[in-house]
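To keep things clear, I will list the structure first and then write my remarks on it.
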Amino acid sequence: MGIRLSWTDPNVAEDGYNVYRHTSSIAGLETAAELAPYLIAELPAGTTGYDDGGALDDEVYYYRVATLAGGQVYPGDELVITASGAFVPLDGLLAYWKFDENGGTTAADASGNGHDGTLTSSALWTPDGVVGAGIEGDGTNYVELGYGTNLLGLPDDEWAYAVWVYMPIGVLTEVVFDWGVQASGSAAQNVGAELYIEDRHPRFRIEQHEPNGVDGAGGRGRWTATGATLGDGWNLVIAQRDMAGAEAYVYHAGGNSSDSVSATLTAFDKWGNRNNFIGGLQYSGTDNTPSAVLAAGARIDIALVYGRKLSSTERDALWNDGNGVQ
């Protein structure tokens, strides 16, 4: 369900690149007019790669990348590729849980960074993920990632979360991630980061302390994206921040929504050596056990963490890859 193309800059004064794709050979086509029906992307000069999120798993595709220079189109050799696996942008990828094991107690990190999770019960598995298997809450169990000071290696200034969340009818609040937040007083809560759903809106920590009028008293740097709303069933939730503010995007079959806040944020450099969870949120009591866990019937699938923000093209491609739109 996704193909990444890459090429070497030809060291010419190119004006840009065109990417063409078809389900049968286009090797014999050479002119811009002949190739035009198969154009899928127009890219600026200096580009050396393209993620095709519209490719469907197990389908065979024929690609050509053309250099644009001096008003002319110079097509390259044809590439024949079979799409396989979920579309996932690779640049800046810190963690990637597919949740496709559907058995045992390990949720492997497919990013190669070793952040495997441990399910507290194999009963969390469900065959009904957004793509293949996923995890489904039972009100008791969760996924534990272990202790660490900024375990995932999130930068101080910019990051993004992307995760598929299934909201059962009538469920308004849900927990998704908790990266090392502890619960002993206000100062201690200003460590780590988390993402959860409050009244069907994404809420996540965007700064260690109260962020310049964003959020209310006691918010401890969290922001609720009230303009982004989850619907019943599957939603793709994307939350991201940089030093100029934060954004949240919700993709849903019933309609997409988003919200943003502008604020001069401080570097996120105070991480606590605490436990880390998926499907768990720790805000009271001991720091090694979540205070709240994934609700019964709620599900999580394909969870991604990045050390950068995702572009609109990447966000849309993640949604398409989960068959959000055809």
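The values are calculated or read from the model by the stated rules, or taken from the named source; none is laboratory data. Given the structure is predicted, the values throughout are model-derived calculations rather than measurements. All Cβ positions, glycine included, derive from the backbone under ideal geometry; neighbour counts span all protein chains shown.
Overview of results
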item	result
Every residue from the range 109-145 that is crowded, with 19+ Cβ neighbours inside 10 Å and among the acidic types (Asp, Glu)	Asp109, Glu136, Glu144
Hits in the range 5-27 - residues which are part of a strand (DSSP E or B) and within 11 Å of Thr67 (Cα to Cα)	Gly16, Tyr17, Asn18, Val19
Selection count, the range 28-45, where residues are farther than 29 Å from Val131 by Cα and not in a strand (DSSP E or B)	11
Failed item, numbered, when Gly227 is tested on (1) modelled with pLDDT of 90 or more; (2) farther than 16 Å from Ser260 by Cβ	(2)
Those residues of the range 220-261 which are within 14 Å of Ile197 (Cβ to Cβ), among the acidic types (Asp, Glu) and either in a strand (DSSP E or B) or touching a Ser or Thr at 6+ places or on another chain (Cβ under 9 Å) (or both), in sequence order	Asp259
Residues (at pLDDT 75 or above, surrounded by fewer than 24 Cβ atoms within 10 Å (Cβ to Cβ) and not small (Gly, Ala, Ser)) located in the range 207-224	Arg222, Thr224
Test set (1) modelled with pLDDT under 95; (2) surrounded by 16 or more Cβ atoms within 10 Å (Cβ to Cβ); (3) small (Gly, Ala, Ser) - Ala248 fails condition number	(1)
Leading residue by the ranking (modelled with the lowest pLDDT) among those in the range 288-326 that are part of a strand (DSSP E or B) and of a type in the set (Gly, Ala, Ser)	Ala292
Test result for Asn150, touching a helix residue (DSSP H, G or I) at 6+ places or on another chain (Cβ under 7 Å) and either basic (Lys, Arg) or buried (at least 17 other Cβ atoms within 10 Å of the Cβ) (or both)	no
Residues being assigned to a strand (DSSP E or B) and in contact with a Gly (Cβ under 8 Å, 6 or more places away or on another chain) - total across the range 94-116	5
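Residues are listed down the side, and each one gets a yes or a no for (1) aliphatic (A, V, I, L, M); (2) out of contact with any strand residue (DSSP E or B) (no Cβ under 8 Å at 6 or more places or on another chain); (3) at pLDDT below 80:
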| residue | (1), (2), (3) |
| --- | --- |
| Asp242 | no, yes, no |
| Asn256 | no, no, no |
| Thr266 | no, yes, yes |
| Trp271 | no, no, yes |
| Arg274 | no, no, yes |
| Gly280 | no, no, no |
| Thr286 | no, yes, yes |
